[in-house]
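Worksheet: the structure to be examined is printed underneath.
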Amino acid sequence: MATFGDFPTDHKASEQNSAHADDQHWERKILQDLAFAAIREQRNSRRWGYVFKGLVLLYLFAFMFLMLPNGEQASESNTHTALVDITGVISSDTDANADLVVTGIRNAFKAKQAKALILRLNTPGGSPVQSGIINDEIQRLRLTRPDFPVYAVIQDVCASGGYYIAVAADEIYADKASIVGSIGVRMDSFGFTEAIDKLGVERRSLTAGQNKSFLDPFLPLKEADVEHANKMLNNIHQQFIDVVKTGRGDRINANNEALFSGLFWSGEQALELGLIDGLASSSKVARDIVGAEDIIDYTPRPNYLDLFAGKLGASIGEMLQSSSQWNLR
């Protein structure tokens, strides 16, 4: 009886143990599901990381393929006409700087299969220093290879410093509508004296040397400053005139003061004045004058592939670092 009387109590304990086991199983299942979900998420992250890396590498290979030299550039072993572009403002901080242009010209002179060099100019001018360096180097290189003619071909415009370079060539050609000339020198500035007075700004400038504030835009013009600046400009202008006379010789009328007044003319007018030798394009000069119709460009240009590869390498490095951080979580 006592035994039967204790049975209901044992049955309750069994039910409680079973419920406790179910609770543990449920908690374990949730933990397992969370763990598997984390693993799946990590695997998916890895897969997408591999996909992204693959796409980046594919894009890089495609870009490299597009950047491969074309057939024209690959035929440097054949007789051809060398070409160097001088485009834009001539300055030390632009693509039309002396170091870059001279490098292309030197490479053209070294090319044994090149029959001649065309300087293709499209520039409004710029630094007389940069232009002078290029002109001097062309003169020097012509002495090292006298049988290698240099032709200047003007596109839209060849003014000021551009023409300074052009006169170093054996002959100059242009289109009938090209703009040629502007043999002169200029210096530009501004004056803010009245603006300072109206705004109530007090000018404070400390200098050592009586001319250190030469042509200060915040001070009234001094007659002595203007006179000195004009002398300097006239000196540089005379250098320009001498270079033109040396380069063009008797093909121009040196007594025509208008030629050196800073005026510019159309290609058709420039031909009449002796500033150019004919009307022709680069391809026409190469075909009809040089006798080597194939043109190979020797212009040094920024290496966009290196720039792209550097940026891409940095991006991939960051991506790999991020991927590693994902995997360590």
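Brief remarks follow.
- Flag for A258 being at pLDDT 90 or above, over 18 Å from N135 (Cβ atoms) and surrounded by 14 or more Cβ atoms within 10 Å (Cβ to Cβ): no
- Residue match in the range 291-306 (condition: assigned to a loop (DSSP other than H, G, I, E, B), over 31 Å from the mean Cα position of the chain (by Cα) and either modelled with pLDDT of 55 or more or assigned by TED's automatic domain parsing to the domain that holds A174 (or both)): yes
- Single residue of L221, L233 found to be out of contact with any Pro (no Cβ under 8 Å at 6 or more places or on another chain), free of Cβ contacts under 8 Å to residues at least 40 places away in the same chain, aliphatic (A, V, I, L, M) and farther than 30 Å from N78 by Cα: L221
- Residue in the range 194-207 that is in a helix (DSSP H, G or I), among the small types (G, A, S) and within 32 Å of the chain's Cα centre (by Cα) present: no
- In the range 254-280, the residues that are part of a helix (DSSP H, G or I) form Cβ pairs under 7 Å with partners that are buried (at least 17 other Cβ atoms within 10 Å of the Cβ) and among the aromatic types (F, W, Y), at six or more places apart or across chains, as follows: L273/W265.
- The one condition in (1) touching a Leu at 6+ places or on another chain (Cβ under 9 Å); (2) in a helix (DSSP H, G or I) that S213 fails to fulfil: (2)
- Residues that are in a loop (DSSP other than H, G, I, E, B), over 38 Å from the mean Cα position of the chain (by Cα) and more than 30 Å from G191 (Cα to Cα) occur in the range 240-253; there is at least one.
The values are calculated or read from the model by the stated rules, or taken from the named source; none is laboratory data. Computed from a predicted structure; not experimentally measured. Neighbour counts run over all protein chains shown; Cβ positions are idealised from the backbone, glycine included.
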